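The block underneath contains the structure these notes are about, expressed in C-alpha coordinates.
The values are calculated or read from the model by the stated rules, or taken from the named source; none is laboratory data. The structure displayed is predicted, hence computed values, not measured ones. Glycine gets a Cβ as well: all are built from the backbone with ideal geometry, and neighbour counts include every protein chain shown.
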Amino acid sequence: MPDVTASPGKLPPLTALPCFEAAARQQSFTKAAEELHLTPGAISRAVKHLEEQIGVQLFERVTRSVRLTETGERYAKAVRDMLGQLAAATAAATAAATARQSGSTLNVSTSDGFAGRWLVPRLYRFHRANVDVDVRVSTTGRLANFHGDGIDVAIRYGQGNYPGLTTEWLADEEVFPVCSPGLLKGPRALRNPADLRHHTLIRDGYPIAWADWLSAVGIEGVNPRAGLTFDSYTFAVQAAVQGEGVALGRTMLVADDLAAGRLVRPFKQTLKAYSSFHLVYPPEAIHQRKVKAFRDWLLAEMRDSDSGSAEDL
(Lines give C-alpha, C1' and ligand atoms only; values in the text may rest on other atoms or scores of the structure.)
Protein backbone atom coordinates (compact mmCIF):
# COMPACT_ATOMS: atom_id res chain seq x y z
CA MET A 1 0.00 0.00 0.00
CA PRO A 2 1.50 3.36 -0.97
CA ASP A 3 2.44 5.70 1.85
CA VAL A 4 0.29 8.79 1.39
CA THR A 5 1.60 10.63 4.48
CA ALA A 6 3.35 13.80 3.38
CA SER A 7 6.68 14.50 5.03
CA PRO A 8 8.36 17.91 5.33
CA GLY A 9 10.55 16.90 2.39
CA LYS A 10 7.67 15.87 0.12
CA LEU A 11 4.59 18.04 0.47
CA PRO A 12 1.60 17.69 -1.88
CA PRO A 13 0.43 20.69 -3.94
CA LEU A 14 -1.11 22.69 -1.08
CA THR A 15 -3.53 24.70 -3.23
CA ALA A 16 -5.15 21.46 -4.36
CA LEU A 17 -5.93 20.22 -0.86
CA PRO A 18 -9.02 22.41 -0.19
CA CYS A 19 -10.44 21.30 -3.55
CA PHE A 20 -9.83 17.64 -2.73
CA GLU A 21 -11.27 17.97 0.80
CA ALA A 22 -14.46 19.65 -0.46
CA ALA A 23 -14.92 17.09 -3.25
CA ALA A 24 -14.34 14.22 -0.81
CA ARG A 25 -16.85 15.64 1.68
CA GLN A 26 -19.47 16.46 -0.97
CA GLN A 27 -18.78 13.34 -3.07
CA SER A 28 -19.22 15.67 -6.03
CA PHE A 29 -16.94 17.93 -8.03
CA THR A 30 -19.93 20.13 -8.93
CA LYS A 31 -20.99 20.72 -5.31
CA ALA A 32 -17.37 21.30 -4.29
CA ALA A 33 -17.10 23.89 -7.05
CA GLU A 34 -20.22 25.68 -5.80
CA GLU A 35 -18.86 25.69 -2.23
CA LEU A 36 -15.46 27.10 -3.23
CA HIS A 37 -16.83 29.41 -5.95
CA LEU A 38 -14.88 27.62 -8.67
CA THR A 39 -15.83 25.68 -11.78
CA PRO A 40 -16.22 21.89 -11.77
CA GLY A 41 -13.39 21.76 -14.27
CA ALA A 42 -11.07 23.60 -11.86
CA ILE A 43 -11.90 21.11 -9.08
CA SER A 44 -11.31 18.16 -11.42
CA ARG A 45 -7.93 19.52 -12.58
CA ALA A 46 -6.82 20.22 -8.97
CA VAL A 47 -7.69 16.69 -7.85
CA LYS A 48 -6.01 15.14 -10.88
CA HIS A 49 -2.87 17.20 -10.24
CA LEU A 50 -2.84 16.04 -6.62
CA GLU A 51 -3.21 12.39 -7.65
CA GLU A 52 -0.35 12.75 -10.13
CA GLN A 53 1.93 14.39 -7.58
CA ILE A 54 1.45 11.79 -4.84
CA GLY A 55 1.09 8.85 -7.23
CA VAL A 56 -2.19 7.62 -5.79
CA GLN A 57 -5.70 7.39 -7.21
CA LEU A 58 -8.02 9.14 -4.78
CA PHE A 59 -11.33 9.01 -6.68
CA GLU A 60 -13.08 6.49 -8.88
CA ARG A 61 -14.77 8.33 -11.73
CA VAL A 62 -18.08 6.81 -12.69
CA THR A 63 -20.85 8.14 -14.87
CA ARG A 64 -22.01 11.54 -13.59
CA SER A 65 -20.47 10.94 -10.13
CA VAL A 66 -17.26 10.25 -8.21
CA ARG A 67 -16.50 8.23 -5.13
CA LEU A 68 -13.42 7.94 -2.96
CA THR A 69 -11.11 4.99 -3.18
CA GLU A 70 -10.14 3.22 0.05
CA THR A 71 -6.87 5.17 0.08
CA GLY A 72 -8.76 8.35 -0.78
CA GLU A 73 -10.98 7.86 2.30
CA ARG A 74 -7.97 7.73 4.63
CA TYR A 75 -6.25 10.61 2.88
CA ALA A 76 -9.40 12.76 3.00
CA LYS A 77 -9.64 12.30 6.78
CA ALA A 78 -5.99 13.27 7.24
CA VAL A 79 -6.37 16.32 4.99
CA ARG A 80 -9.58 17.38 6.75
CA ASP A 81 -7.90 17.17 10.17
CA MET A 82 -4.86 19.07 8.91
CA LEU A 83 -6.94 21.85 7.34
CA GLY A 84 -8.98 22.16 10.57
CA GLN A 85 -5.82 22.51 12.66
CA LEU A 86 -4.43 25.04 10.21
CA ALA A 87 -7.64 27.08 10.35
CA ALA A 88 -7.62 27.04 14.18
CA ALA A 89 -3.95 28.07 14.32
CA THR A 90 -4.60 30.87 11.83
CA ALA A 91 -7.56 32.17 13.85
CA ALA A 92 -5.51 32.11 17.06
CA ALA A 93 -2.61 33.93 15.43
CA THR A 94 -4.95 36.54 13.96
CA ALA A 95 -6.69 37.09 17.31
CA ALA A 96 -3.36 37.48 19.10
CA ALA A 97 -2.11 39.98 16.52
CA THR A 98 -5.34 41.98 16.73
CA ALA A 99 -5.13 42.05 20.52
CA ARG A 100 -1.56 43.32 20.39
CA GLN A 101 -2.38 46.01 17.84
CA SER A 102 -5.67 47.33 19.22
CA GLY A 103 -5.96 46.09 22.76
CA SER A 104 -2.55 46.41 24.36
CA THR A 105 -3.23 49.86 25.86
CA LEU A 106 -5.77 50.23 28.67
CA ASN A 107 -7.13 53.76 28.98
CA VAL A 108 -8.28 54.60 32.51
CA SER A 109 -10.13 57.78 33.45
CA THR A 110 -10.12 58.93 37.06
CA SER A 111 -9.63 61.97 39.25
CA ASP A 112 -6.29 63.58 39.96
CA GLY A 113 -6.60 62.72 43.65
CA PHE A 114 -7.41 59.05 43.16
CA ALA A 115 -4.69 58.66 40.54
CA GLY A 116 -1.99 60.39 42.56
CA ARG A 117 -2.85 59.19 46.06
CA TRP A 118 -4.01 55.61 45.42
CA LEU A 119 -3.79 54.23 41.88
CA VAL A 120 -0.34 55.25 40.66
CA PRO A 121 1.57 53.94 43.72
CA ARG A 122 0.03 50.50 43.08
CA LEU A 123 0.04 50.30 39.28
CA TYR A 124 3.42 48.58 39.16
CA ARG A 125 1.74 45.49 40.59
CA PHE A 126 -0.81 45.39 37.77
CA HIS A 127 1.88 45.84 35.13
CA ARG A 128 4.08 43.18 36.72
CA ALA A 129 1.21 40.68 36.38
CA ASN A 130 0.13 41.93 32.92
CA VAL A 131 3.30 42.84 31.07
CA ASP A 132 1.50 42.88 27.71
CA VAL A 133 -0.90 45.65 28.79
CA ASP A 134 0.19 49.28 28.79
CA VAL A 135 -1.84 51.64 31.00
CA ARG A 136 -2.68 55.23 30.16
CA VAL A 137 -4.24 57.24 33.01
CA SER A 138 -6.34 60.28 32.11
CA THR A 139 -7.10 62.78 34.89
CA THR A 140 -9.00 65.42 32.98
CA GLY A 141 -12.05 66.98 34.60
CA ARG A 142 -14.34 65.56 31.92
CA LEU A 143 -16.30 62.42 32.63
CA ALA A 144 -15.63 59.59 30.22
CA ASN A 145 -18.45 58.73 27.83
CA PHE A 146 -16.69 55.64 26.38
CA HIS A 147 -17.89 56.52 22.88
CA GLY A 148 -15.16 58.06 20.79
CA ASP A 149 -13.00 59.24 23.70
CA GLY A 150 -10.88 56.08 23.81
CA ILE A 151 -11.56 55.41 27.51
CA ASP A 152 -11.91 51.74 28.46
CA VAL A 153 -12.74 52.03 32.18
CA ALA A 154 -13.35 54.87 34.62
CA ILE A 155 -13.11 55.20 38.38
CA ARG A 156 -15.79 57.63 39.43
CA TYR A 157 -16.74 59.21 42.72
CA GLY A 158 -20.48 59.57 43.12
CA GLN A 159 -23.76 57.83 43.84
CA GLY A 160 -23.21 55.04 41.34
CA ASN A 161 -26.07 55.96 39.02
CA TYR A 162 -24.62 55.66 35.51
CA PRO A 163 -27.36 54.46 33.10
CA GLY A 164 -26.27 52.06 30.39
CA LEU A 165 -22.96 51.29 32.10
CA THR A 166 -21.76 48.51 34.36
CA THR A 167 -21.07 49.99 37.80
CA GLU A 168 -19.16 48.16 40.52
CA TRP A 169 -18.83 49.60 44.00
CA LEU A 170 -15.24 49.94 45.15
CA ALA A 171 -15.20 51.75 48.49
CA ASP A 172 -17.02 54.20 50.75
CA GLU A 173 -15.26 57.16 52.33
CA GLU A 174 -15.00 59.05 55.56
CA VAL A 175 -13.59 62.55 55.97
CA PHE A 176 -11.42 63.73 58.87
CA PRO A 177 -8.62 66.26 59.52
CA VAL A 178 -5.03 65.16 58.91
CA CYS A 179 -1.75 66.94 59.50
CA SER A 180 1.96 66.48 59.91
CA PRO A 181 3.02 64.91 63.24
CA GLY A 182 4.87 68.15 63.95
CA LEU A 183 1.58 70.02 64.46
CA LEU A 184 0.84 67.89 67.51
CA LYS A 185 3.72 69.53 69.36
CA GLY A 186 4.48 73.01 70.67
CA PRO A 187 2.45 75.72 72.38
CA ARG A 188 -0.32 75.55 69.76
CA ALA A 189 -0.45 71.80 69.43
CA LEU A 190 -3.59 70.33 67.94
CA ARG A 191 -5.44 68.54 70.73
CA ASN A 192 -9.12 69.16 69.96
CA PRO A 193 -11.06 70.58 66.97
CA ALA A 194 -11.28 74.06 68.56
CA ASP A 195 -7.49 74.33 68.19
CA LEU A 196 -7.95 74.57 64.42
CA ARG A 197 -8.42 78.35 64.86
CA HIS A 198 -4.66 78.56 65.42
CA HIS A 199 -3.75 76.67 62.25
CA THR A 200 -3.97 77.07 58.49
CA LEU A 201 -6.76 75.12 56.83
CA ILE A 202 -5.85 73.46 53.54
CA ARG A 203 -8.72 73.33 51.08
CA ASP A 204 -9.30 71.62 47.73
CA GLY A 205 -12.17 71.11 45.30
CA TYR A 206 -13.69 68.15 47.11
CA PRO A 207 -17.52 68.40 47.58
CA ILE A 208 -17.28 68.03 51.38
CA ALA A 209 -15.47 71.16 52.53
CA TRP A 210 -14.25 72.45 55.89
CA ALA A 211 -17.58 74.19 56.49
CA ASP A 212 -19.35 70.81 56.35
CA TRP A 213 -16.94 69.10 58.71
CA LEU A 214 -16.85 71.97 61.25
CA SER A 215 -20.65 72.17 61.26
CA ALA A 216 -20.98 68.40 61.69
CA VAL A 217 -18.77 68.37 64.80
CA GLY A 218 -20.23 71.59 66.19
CA ILE A 219 -17.14 73.83 66.03
CA GLU A 220 -17.56 77.61 65.76
CA GLY A 221 -15.02 80.41 65.54
CA VAL A 222 -12.99 78.81 62.73
CA ASN A 223 -13.18 80.44 59.29
CA PRO A 224 -13.69 77.57 56.80
CA ARG A 225 -12.85 79.80 53.82
CA ALA A 226 -9.45 80.97 55.02
CA GLY A 227 -6.13 79.26 54.37
CA LEU A 228 -4.51 77.54 51.39
CA THR A 229 -6.52 76.37 48.41
CA PHE A 230 -5.43 73.83 45.79
CA ASP A 231 -7.24 72.57 42.71
CA SER A 232 -5.39 69.27 43.08
CA TYR A 233 -6.10 67.00 46.03
CA THR A 234 -2.62 65.54 45.59
CA PHE A 235 -1.06 68.96 46.20
CA ALA A 236 -3.34 69.60 49.17
CA VAL A 237 -2.21 66.39 50.86
CA GLN A 238 1.42 67.12 50.06
CA ALA A 239 1.09 70.54 51.69
CA ALA A 240 -0.25 68.83 54.83
CA VAL A 241 2.66 66.38 54.79
CA GLN A 242 5.04 69.34 54.64
CA GLY A 243 3.45 70.83 57.75
CA GLU A 244 1.84 73.81 56.01
CA GLY A 245 -1.54 73.27 57.64
CA VAL A 246 -4.39 70.86 58.25
CA ALA A 247 -6.18 69.14 55.36
CA LEU A 248 -9.34 67.09 55.20
CA GLY A 249 -8.26 63.51 54.75
CA ARG A 250 -10.27 61.01 52.75
CA THR A 251 -10.08 57.39 53.90
CA MET A 252 -8.59 55.79 50.80
CA LEU A 253 -6.51 58.70 49.64
CA VAL A 254 -4.53 59.26 52.83
CA ALA A 255 -4.29 55.66 54.06
CA ASP A 256 -0.73 55.22 52.79
CA ASP A 257 0.44 58.47 54.40
CA LEU A 258 -1.17 57.53 57.71
CA ALA A 259 0.38 54.07 57.63
CA ALA A 260 3.82 55.54 56.87
CA GLY A 261 3.50 58.19 59.59
CA ARG A 262 3.74 61.11 57.18
CA LEU A 263 0.30 62.21 58.35
CA VAL A 264 -1.63 61.73 61.59
CA ARG A 265 -5.23 62.22 62.68
CA PRO A 266 -5.24 64.86 65.44
CA PHE A 267 -8.86 64.06 66.46
CA LYS A 268 -11.24 61.13 66.11
CA GLN A 269 -14.26 63.03 64.79
CA THR A 270 -15.23 61.70 61.36
CA LEU A 271 -17.79 62.73 58.76
CA LYS A 272 -19.14 59.99 56.52
CA ALA A 273 -19.09 60.97 52.86
CA TYR A 274 -22.29 60.75 50.84
CA SER A 275 -20.54 59.40 47.74
CA SER A 276 -18.45 56.32 47.00
CA PHE A 277 -15.84 55.18 44.51
CA HIS A 278 -17.10 53.04 41.64
CA LEU A 279 -15.55 51.24 38.70
CA VAL A 280 -17.54 52.05 35.56
CA TYR A 281 -17.33 50.60 32.04
CA PRO A 282 -19.58 49.63 29.11
CA PRO A 283 -21.11 46.16 29.64
CA GLU A 284 -19.41 44.68 26.57
CA ALA A 285 -15.96 45.89 27.66
CA ILE A 286 -15.60 43.11 30.25
CA HIS A 287 -15.05 40.65 27.37
CA GLN A 288 -11.72 42.34 26.63
CA ARG A 289 -8.88 40.63 28.46
CA LYS A 290 -7.21 43.91 29.41
CA VAL A 291 -10.42 45.28 30.99
CA LYS A 292 -11.19 42.09 32.92
CA ALA A 293 -7.59 41.86 34.11
CA PHE A 294 -7.68 45.44 35.39
CA ARG A 295 -11.08 44.98 36.99
CA ASP A 296 -10.04 41.81 38.83
CA TRP A 297 -6.76 43.38 39.95
CA LEU A 298 -8.48 46.57 41.16
CA LEU A 299 -11.06 44.66 43.23
CA ALA A 300 -8.30 42.55 44.79
CA GLU A 301 -6.32 45.69 45.67
CA MET A 302 -9.41 47.22 47.21
CA ARG A 303 -9.92 44.17 49.39
CA ASP A 304 -6.30 44.38 50.52
CA SER A 305 -6.67 48.10 51.23
CA ASP A 306 -9.81 47.46 53.30
CA SER A 307 -8.15 44.79 55.42
CA GLY A 308 -5.20 47.07 56.07
CA SER A 309 -7.15 50.26 56.70
CA ALA A 310 -8.93 48.85 59.74
CA GLU A 311 -5.56 48.53 61.45
CA ASP A 312 -4.03 51.73 60.09
CA LEU A 313 -6.90 53.94 61.09
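Odds and ends about this structure:
- Annotation: of all residues in region 52-110 being closer than 30 Å to residue 133 by Cβ and modelled with pLDDT of 90 or more, the one that is surrounded by the fewest Cβ atoms within 10 Å (Cβ to Cβ) is 105.
- Contacts under 7 angstrom Cβ, first residue in region 54-79 being farther than 15 Å from residue 44 by Cα, partner at pLDDT 90 or above and part of a strand (DSSP E or B), 6 or more apart: 69/59; 69/60; 76/68
- Counting residues in region 261-280 that are within 27 Å of residue 129 (Cβ to Cβ), among the aliphatic types (A, V, I, L, M) and either assigned by TED's automatic domain parsing to the domain that holds residue 197 or touching a strand residue (DSSP E or B) at 6+ places or on another chain (Cβ under 7 Å) (or both) gives one or more.
- Only one of the numbered conditions (1) surrounded by 17 or more Cβ atoms within 10 Å (Cβ to Cβ); (2) more than 15 Å from residue 208 (Cα to Cα); (3) of a type in the set (S, T, N, Q) is violated by residue 251, and that is (2).
- Leading residue by the ranking (surrounded by the most Cβ atoms within 10 Å (Cβ to Cβ)) among those in region 211-237 that are in contact with a Lys or Arg (Cβ under 8 Å, 6 or more places away or on another chain) and aromatic (Phe, Trp, Tyr): 233
- Only one entry in 199, 147 is at pLDDT 90 or above and at negative phi, namely 199.
- Test: residue in region 143-153 that is surrounded by 14 or more Cβ atoms within 10 Å (Cβ to Cβ), of a type in the set (Asp, Glu) and not in a loop (DSSP other than H, G, I, E, B): no
- Selection over region 107-137 of residues that are under 14 Å from the mean Cα position of the chain (by Cα), among the hydroxyl-bearing types (Ser, Thr, Tyr) and under 15 Å from residue 234 (Cα atoms) gives a count of 1.
- Test: residue in region 205-227 that is assigned to a strand (DSSP E or B) and not assigned by TED's automatic domain parsing to the domain that holds residue 140: no
- Qualifying positions in region 154-204 - of a type outside the set (A, V, I, L, M, F, W, C), closer than 30 Å to residue 280 by Cα, in contact with a strand residue (DSSP E or B) (Cβ under 6 Å, 6 or more places away or on another chain) and in a loop (DSSP other than H, G, I, E, B): 160, 162, 172, 173
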